[in-house]
Amino acid sequence: MKRILITIMIWVVSLQLICAQGKTPKLLKYGAQTTVKRTDSAMAKWRANRLGQFIHWGLYAIPGGVWKGKTYAYAAEFLKSSARLSTATWDSLMYAFNPVKFDARAWAKMDKAMGVKYMTITTKHHEGFCLWPSKYTDFTVAHTPFKRDILQELVEAYTAEGIDVNFYYSVLDWHHPDWRYDLKNAADSAAFDRYLDFAKNQLAELATRYPKVKGFWFDGTWDLSVQKNGKWTYEVEMMLKQLVPGAIVNSRLRADDFGKRHRDSNGGLMGDYESGYERRLPSPYDTSVLKTDWEACMTIPENQWGYHQDWSLSHVKSGNEILENIIRAVALSGNMLVNFGPKGDGSFRTEELQRAKEIGDWMKVNGEAVYHCGYAGLERQDWGYFTKNEQTGKVYMVVFNVPVSLSLNLKLPRGMVITSAALVGEPTQQYQPEEVAPDQYMIHLEPKRYDKPIVIALVLTGKSKTNGNYREAKT
Ligand code: FHN
């Protein structure tokens with residue numbers, strides 16, 4: 001009886017709290033399905049993967065940001081609009097699509113060497129061109145000189161390398177005659193309903209033709225037409241999860257009953273992980289992101305997802321910068337999707353191959369600080385980031401900014417001590433942490449040149465110990 005009374009009291013208090021915050025919860029039919037993270041094995045694998053590769057590939061890779069000799073600086077996959085081309089002109093690129101250098105197994109082997117655990121491929125980007133022989137449109141690879149089913153070859157090759165494959169699908173479709181940006185009248189609604197049927201059929205086709213797919217990454221859902229069709233977005237997610245048990249869907253698909261996206265009108269995350277971090281990351285101190293699963297995606301140049309001939313137009317991230325973006329995500333229990341944009345002939349540009357190698361060489365030695373890792377719960381320091389391996393319990397110091405003092409500060413929760421500190425990849429390089437104040441330590445690095453991030457593995461145990469070498473100042 002007492003337990004029941006306590007439970008009722010908790011409910012009453014929490015309801016009062018919600019109302020006191022002026023947040024009368026809206027009753028939603030198409031809002032978030034849960035307020036907790038998924039606990040199934042497919043989602044656990046998604047979390048453990050941590051590092052993925054985004055691949056943007058389509059007709060836009062043929063011109064590569066240049067049209068009739070003029071270079072357009074905006075994102076190459078938007079060249080159709082940047083150069084103000086008609087749909088007919090753009091779509092005719094289909095007859096030039098013949099990526100003779102495309103080799104799915106070589107792509108997969110490059111990713112394996114890079115340390116990538118999953119790959120997300122643009123099955124259809126905004127242009128509407130499909131990398132698989134869809135039976136719902138002729139605007140596909142089957143009607144090009146190349147003819148081959150690119151998705152089938154990629155799924156087989158990546159699965160053979162043990163790399164999970166996710167499908168990017170743009171709901172926005174510049175090619176389809178029934179696409180509408182908004183629904184201003186009955187004719188718009190009738191046309192867009194036809195488009196939504198087409199898109200739903202294509203998604204069911206992708207899920208059934210390629211059952212090894214692990215997840216769906218939706219994009220192009222920002223227009224009012226989609227926001228007014230929250231029911232469709234809900235039904236698509238439910239359909240995909242029925243067709244592909246365990247399928248993982250990002251937050252960009254969904255709109256709720258009131259058109260709210262990513263998070264519903266009550267703030268609940270729709271989909272299985274937040275995917276709004278595009279070319280940006282949360283502050284390293286923003287632990288609020290820990291409430292949900294999340295993934296950031298980023299380009300190597302500033303904003304080129306598809307292949308652009310000229311990378312001199314913007315800053316291009318170095319291997320170390322990309323590594324820091326990856327670790328910043330992992331340190332807050334997020335995933336990082338690093339984008340590559342293959343050329344129209346199916347090969348990768350030199351800069352991307354170089355970065356894949358740089359990242360892969362580092363991951364080979366230090367991957368234990370990334371895979372199966374997440375937030376370590378320690379106070380962030382200027383030298384870099386902590387990660388914690390959920391399998392081993394080991395804590396890692398991933399150092400990007402070696403201080404001139406060569407001394408790395410770290411503060412432990414009361415009652416924790418460092419029982420070992422060793423350089424990952426060189427276990428003979430042990431450090432003797434110096435306790436400089438209660439629960440505060442310094443690790444002193446060797447004076448040498450540091451041109452890559454270093455990783456120190458810590459074994460922490462809960463045993464309060466002080467060395468008495470310091471005095472509390474009498475003030
Ligand atoms: O317009 C697209 C863009 O081309 C690219 O696909 C990115 C990837 O997250 N999404 C959209 C921009 O937010």
**OP:** Report, by residue number, each residue of region 408-428 that is polar (S, T, N, Q) and free of Cβ contacts under 8 Å to residues at least 12 places away in the same chain.
**Re:** THR428
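Among the residues of region 276-322, count how many are aromatic (Phe, Trp, Tyr), in contact with a helix residue (DSSP H, G or I) (Cβ under 7 Å, 6 or more places away or on another chain) and away from the ligand (no atom under 16 Å from the Cβ).
Residues in region 276-322 being aromatic (Phe, Trp, Tyr), in contact with a helix residue (DSSP H, G or I) (Cβ under 7 Å, 6 or more places away or on another chain) and away from the ligand (no atom under 16 Å from the Cβ): 1 in total.
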Original post:
Could you say whether any residue in region 226-241 is within 16 Å of the ligand (Cβ to nearest atom), modelled with pLDDT of 95 or more and hydrophobic (A, V, I, L, M, F, W, C)?
Top reply: yes
Original post:
If you check ALA113 against the conditions, is it under 19 Å from MET336 (Cα atoms), surrounded by fewer than 24 Cβ atoms within 10 Å (Cβ to Cβ) and at pLDDT 95 or above?
Top reply: yes
**OP:** Scan region 45-60 and give yes if some residue there is free of Cβ contacts under 8 Å to residues at least 24 places away in the same chain and either within 13 Å of the ligand (Cβ to nearest atom) or closer than 16 Å to HIS175 by Cβ (or both), otherwise no.
**Re:** no
Original post:
Identify, please: which residue in region 131-174 is under 26 Å from SER41 (Cβ atoms) and part of a loop (DSSP other than H, G, I, E, B) and is, among those, nearest to the ligand (Cβ to nearest atom)?
Top reply: ILE163
**OP:** Being touching a residue at least 40 places away in the same chain (Cβ under 8 Å) and of a type in the set (Lys, Arg) is the filter; apply it to region 81-110 and report the residue that is farthest from ASP173 (Cα to Cα).
**Re:** LYS109
**OP:** Could you pull out the residue among SER405, SER347, SER318, SER312 that is polar (S, T, N, Q), surrounded by fewer than 22 Cβ atoms within 10 Å (Cβ to Cβ) and in contact (Cβ under 8 Å) with a residue 60 or more places away in the chain?
**Re:** SER347
Original post:
Hey, ASN325 hits all of (1) within 16 Å of the ligand (Cβ to nearest atom); (2) part of a loop (DSSP other than H, G, I, E, B) but one; which does it fall short on?
Top reply: (2)
Subject >> Residue count, region 113-126 (criterion: more than 16 Å from LYS214 (Cβ to Cβ) and more than 14 Å from the ligand (Cβ to nearest atom)) >> reply: 3
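A quick yes/no check of all residues on (1) surrounded by fewer than 17 Cβ atoms within 10 Å (Cβ to Cβ); (2) under 24 Å from ALA296 (Cβ atoms):
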| site | (1), (2) |
| --- | --- |
| ASP223 | yes, yes |
| ILE248 | no, yes |
| ASP257 | yes, no |
| ARG263 | no, yes |
| GLY267 | yes, yes |
**OP:** Test each condition in (1) buried (at least 21 other Cβ atoms within 10 Å of the Cβ); (2) over 23 Å from the mean Cα position of the chain (by Cα); (3) free of Cβ contacts under 8 Å to residues at least 60 places away in the same chain; (4) more than 16 Å from the ligand (Cβ to nearest atom) for PRO177 and report the one that comes out false.
**Re:** (1)
**OP:** Determine whether LEU253 is within 16 Å of the ligand (Cβ to nearest atom), of a type in the set (A, V, I, L, M), touching a helix residue (DSSP H, G or I) at 6+ places or on another chain (Cβ under 7 Å) and closer than 30 Å to GLY384 by Cβ.
**Re:** no
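Take residues that are more than 28 Å from GLY319 (Cβ to Cβ) and aliphatic (A, V, I, L, M) and tell me which of the strands (runs of 3 or more DSSP E) falling wholly in region 376-470 contain 1 or more.
417-423, 434-437, 440-444, 454-461
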Original post:
Got a sec? Which of TYR307, TYR277 is surrounded by 15 or more Cβ atoms within 10 Å (Cβ to Cβ), over 26 Å from LYS45 (Cβ atoms) and of a type outside the set (Val, Ile, Thr)?
Top reply: TYR307
**OP:** Return the pairs, sorted by first residue and then second, in which the second residue is acidic (Asp, Glu) and surrounded by fewer than 19 Cβ atoms within 10 Å (Cβ to Cβ), the first residue lies in region 236-264 and is under 17 Å from MET43 (Cβ atoms), the beta carbons are less than 8 Å apart, and the residues are 6+ apart or on different chains.
**Re:** GLY246/ASP40
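The values are calculated or read from the model by the stated rules, or taken from the named source; none is laboratory data. Keep in mind that what you see is a predicted model, and the values were worked out from it rather than measured. Methodologically, a virtual Cβ is constructed for each residue, glycine included, from the backbone with ideal geometry; neighbour enumeration extends over all protein chains shown.
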